[in-house]
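As structure tokens, the structure follows; a few thoughts come after it.
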Amino acid sequence: MDSALLLDNLVNERDAPGVPTSRRAAGGDVVVVIPTLNEQAHIAACVRSLMTGDPRLTAVEIVVADGGSRDRTRPIVEELRRDFPNLRLLDNPKRLQSAAVNLAAREAGAGRSILVRCDAHAIYPAGYVMQVADSLKRRSVASIVTPMDAEGESCFQKANAWIVDTPLGSGGSAHRGGRKSMFVDHGHHAGFDLKTFLHVGGYDETFSHNEDAEFDTRLRQAGGRIFLDADIRLTYKPRATVGSLARQYFNYGKGRARTLMKHGEKPRLRQLIPPATLVACVVGFAAAPFTLWSLILPGGYLAALVLASVAVAVKRRSLCGLMAGLASATMHMSWSAGLFRQLLKGQRL
């Protein structure tokens with residue numbers, strides 16, 4: 001891959017207060033993509049939130065790439081076009097989010113230089129799209145990523161939100177509640193230089209999960225830089241049940257394993273701790289009939305979860321915090337199980 005093309009076009013700039021007019025993106029520079037599949041409960045609120053807060057948004061091309069919804073998602077989008085003439089509906093026959101973003105980049109990106117990826121489940125702060133576009137243009141980077149602040153409603157969802165943005169929950173990922181703007185290796189995808197996105201091949205459409213981290217690996221290999229802008233923040237709702245959280249992280253683990261195998265990478269220390277903990281717990285319980293000393297490792301892990309739960313409950317002044325350990329263990333064990341399963345399968349889907 002020719003990394004010189006990227007390096008020639010990317011200029012390392014320091015943060016500067018405000019956005020000078022000369023470094024502000026025009027609305028006509030931007031295409032927004034929202035992948036959807038049966039999102040009738042969320043799509044209208046999402047689109048309306050994206051189209052508020054900046055007069056430049058009237059020139060933005062906003063694309064809903066739908067994977068064959070069987071509910072009212074598509075009719076709702078057609079109705080929204082009466083209020084937003086710059087809204088467009090595309091068919092995404094491959095159904096996956098990765099394919100949806102690639103499709104919008106190819107089909108709606110002509111004459112535009114910035115691609116913004118959005119989630120149908122999210123309600124975005126006013127002016128979000130142009131804030132991302134301005135940040136991308138001001139810093140002349142390949143990608144802008146943003147922090148995510150978890151927020152819950154039900155008791156388990158609150159506990160999940162309170163623990164996921166901590167080192168015990170997410171391993172210290174900078175984009176999980178991070179407060180410092182900086183260059184990073186990976187983060188929650190917000191905006192891309194469109195030419196760069198297409199140059200490195202877009203998302204790998206064989207990935208149903210972890211396509212963002214896999215893309216960032218190729219982007220870094222090509223010389224592209226990724227900037228976490230902590231001034232542009234998103235609030236999201238984490239999974240509200242143990243089962244849905246387990247499925248989510250199991251798939252995340254599978255995706256991470258495929259990324260590691262595809263690029264021949266070694267996992268980082270924070271990625272090694274959860275699978276090592278799973279192995280230690282399994283071995284500890286299996287050996288318990290022969291020696292109770294083997295329970296030290298799983299017992300130590302359980303004690304850490306209990307202490308974390310109590311700490312969260314005290315900090316948040318809520319008994320819901322006592323479920324933080326359960327949420328954390330669900331993430332750790334499910335992610336690790338998905339990782340091991342995919343490693344055993346190899347690159348096969």
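The values are calculated or read from the model by the stated rules, or taken from the named source; none is laboratory data. All figures in this text were calculated on a predicted structure; none of them were measured in a lab. Cβ coordinates were reconstructed from backbone atoms using ideal geometry, including for glycine residues, and neighbour counts include every protein chain displayed.
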Hey, could you check region 320-349 for residues that are in contact (Cβ under 8 Å) with a residue 24 or more places away in the chain, aliphatic (A, V, I, L, M) and surrounded by fewer than 19 Cβ atoms within 10 Å (Cβ to Cβ) and say which is farthest from GLY255 (Cα to Cα)?
LEU322
For region 113-128, the count of residues that are within 18 Å of ASP54 (Cα to Cα) and in a loop (DSSP other than H, G, I, E, B) equals 6
Going by what's in this entry, would GLY28 be described as within 19 Å of SER143 (Cα to Cα) and touching an Asp or Glu at 6+ places or on another chain (Cβ under 9 Å)?
yes
Every pair of residues 6+ apart whose Cβ atoms lie under 7 Å, when the first sits in region 134-163 and is part of a loop (DSSP other than H, G, I, E, B) while the second is of a type in the set (S, T, N, Q):
ALA142/THR196; GLU151/THR235; GLY152/ASN160
List the residue pairs whose Cβ atoms are under 8 Å apart, where the first residue sits in region 33-54 and is in contact (Cβ under 8 Å) with a residue 24 or more places away in the chain and farther than 14 Å from ASP66 by Cβ, the second is hydroxyl-bearing (Ser, Thr, Tyr) and not in a helix (DSSP H, G or I), and the two are 6 or more positions apart or on different chains.
SER49/TYR124; LEU50/TYR124
Does at least one position in region 285-294 carry a residue that is aliphatic (A, V, I, L, M) and buried (at least 19 other Cβ atoms within 10 Å of the Cβ)?
no
Hits in region 218-270 (condition: touching a residue at least 24 places away in the same chain (Cβ under 8 Å), surrounded by fewer than 21 Cβ atoms within 10 Å (Cβ to Cβ), in a loop (DSSP other than H, G, I, E, B) and more than 15 Å from the chain's Cα centre (by Cα))
ALA222, GLY223, ARG225, ASP231, ALA240, THR241, GLU265
Single residue of LEU234, LEU269, LEU245 found to be modelled with pLDDT of 95 or more and under 16 Å from SER170 (Cβ atoms):
LEU245
